[in-house]
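K.L.:
Structure provided below as structure tokens; questions to follow.
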Amino acid sequence: MSLRSKLRAPSALPIVVVLCLLVTVLAISGGEYQMSPWKVLRVLFGGGEGIENMVIWQWRMPRAMAALLFGAALALSGAVFQSLTRNPLGSPDIIGFSTGAYTGALVALTVLGGGFVATSIGALLGGLLTAVLVYALAWRNGTAGFRLILVGIGISSVLASFNHFMVLRAELDVAMAAAVWGAGSLNGLTWQSVIPTSILLVLVSIALLASSSRLQMLQLGDDLCRALGMRVERTKLFLVVLAVLLVAAVTSLAGPIAFVALVAPQIARRLAGANGMQLLPTALVGALLLASSDLLAQRLFAPVQLPVGVVTVVFGGVYLIYLLNRQTTRL
């Protein structure tokens, strides 16, 4: 590995961090109650007045923090699946885990008539059950990455059809809420809803970062890992559960936000090179992508605010076309 590759990640990390902070300040400064970025910084450092403190800390900060944390969580989940499948298309929104989490939330919302807690639990259970189903159907004396992706795409298609059926059969107000939420939205988030989900995401992310050495070791191949004493399938299952928990927790609160998990790990890989520092850059890039997308969702057609999933789908779709075209060219 060249010296340039070794230094790429440490030199890129501060730039990504600064961009995350810049985008966050810009996002907080906009809205019906306009504030300059300098005034936002003054409020954040304790120099604000009553209305300014309420607008920033109670109305806008939950959404800004959710964008950063949810983006990081989705990116980490994507990094796990792309590493395990050894395929750039190995993303939870393509394999079907995001769709499964949405299915669980829809069942809780439309059939059981559940509130926030029931919907969150439904999303977590839906994501985990989908992971179990995909993993079981892809199992042939082990799990091959390409087979996992194909099975996941098939399951995702079936679940997507079921989700459409559920929305069509629901009451009008429930169907409208489910449709908006299903586009992936950070609108209306409060500390009461963000904090519990954030605690879960932080704990799972810490466990995943602590397991990064095992994730990196799996890149050597299953046979070599077994020779070195690793219980390969148990390790893979543990990493899959962590990754599914991340995407299901995000989906339970914001709905399915597509393509962040697909794009962020590949951008981070170009920044970090081929060393073992990929998870932290991946989390930072994911945070930057979702925060930037949410800023665009707020500003493009202001005062109308788009669901952030609409923006990520547009940019992610363009990137997916580029990725598929590049893979075809290599063939």
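K.L.:
Based on the Cβ-Cβ distance from Ile206 to Arg86, what FRET efficiency comes out when R0 is 35 Å, to the nearest 0.05?
P.N.:
Computed FRET efficiency for Ile206 and Arg86 comes out at 0.90.
K.L.:
Separate question: Can you tell me, using C-alpha contacts under 8 Å and at least 6 residues apart, the relative contact order of segment 208-300 as a whole percent?
P.N.:
Over segment 208-300, the number comes to 24 percent.
K.L.:
Per-residue HN-Hα couplings for segment 115-122, Karplus 6.51 cos²θ - 1.76 cosθ + 1.60 at θ = phi - 60°, whole Hz, x for Gly and Pro?
P.N.:
My calculation for segment 115-122 gives x, 4, 5, 5, 5, 5, 5, x Hz in order.
K.L.:
With a bin width of 20 angstrom, please list the P(r) values of segment 27-329 as percents of all Cα-Cα pairs, from the 0 bin to the one holding the largest distance.
P.N.:
Whole-percent P(r) values from 0 Å outward: 34, 56, 10, 0.
K.L.:
A follow-up question, please. What number comes out for the charge environment of Asn163, summing +1 per Lys or Arg and -1 per Asp or Glu over other residues with Cβ under 14 Å away?
P.N.:
Here the count lands on 0.
K.L.:
Give, in nm to one decimal, the length gained when the segment between Trp38 and Leu137 is fully stretched (0.36 nm per residue of separation minus the Cα-Cα distance).
P.N.:
So the chain would gain 30.2 nm between Trp38 and Leu137.
K.L.:
Let's see if you can work this out: charge +1 on each Lys and Arg Cβ, -1 on each Asp and Glu Cβ, no other charges. What is the dipole magnitude of the chain about its Cα centre, in debye to the nearest 20?
P.N.:
Values: 21 positive and 10 negative charges, 247 e Å.
So the dipole magnitude of the chain works out to roughly 1180 debye.
K.L.:
Of Tyr135, Tyr319, how do they rank once you tally other Cβ atoms within 10 Å and put the fewest first? List each step's numbers first, then the result.
P.N.:
Numbers: Tyr135 19, Tyr319 15.
Least to most surrounded, the residues fall as Tyr319, Tyr135.
K.L.:
Once the other residues with Cβ under 15 Å from the Cβ of Phe259 are scored (Lys, Arg +1; Asp, Glu -1), what is the net sum?
P.N.:
That sum, taken over residues with Cβ under 15 Å, equals -2.
K.L.:
If we count every other residue with Cβ under 12 angstrom of Arg42's Cβ, Lys/Arg +1 and Asp/Glu -1, where does the sum land?
P.N.:
-1
K.L.:
What's the center-to-center distance, using Cα atoms, between segment 286-303 and segment 204-283 in Å?
P.N.:
26 Å
K.L.:
Which ³J(HN,Hα) values in Hz, rounded to whole numbers, follow from the phi angles of segment 30-39 under the Karplus curve 6.51 cos²θ - 1.76 cosθ + 1.60, where θ = phi - 60° and Gly and Pro get x?
P.N.:
Residue by residue, segment 30-39 yields x, x, 5, 9, 6, 9, 6, x, 5, 5 Hz.
K.L.:
Also, I was wondering about something else. Remind me, relative contact order of the chain in percent, using alpha carbon pairs under 8 angstrom and six or more residues apart?
P.N.:
30 percent
K.L.:
Under a plain spin-label model, where a point goes 7 Å from the Cα along Cα-to-Cβ, how far apart in nm are Glu49 and Ala302?
P.N.:
According to this spin-label approximation, the distance is 2.1 nm.
K.L.:
Give the shape of segment 46-93 as rounded, prolate or oblate, defined through the alpha-carbon gyration tensor: a ≥ b ≥ c are the square roots of its eigenvalues, a/c under 1.5 means rounded, and otherwise the shape is prolate if a/b is larger than b/c and oblate if not.
P.N.:
In terms of gyration-tensor shape, prolate.
Just so you know, all these numbers are worked out from the coordinates, no wet-lab data involved. All values reported here derive from a predicted model rather than from experimental measurement. Methodologically, a virtual Cβ is constructed for each residue, glycine included, from the backbone with ideal geometry; neighbour enumeration extends over all protein chains shown.
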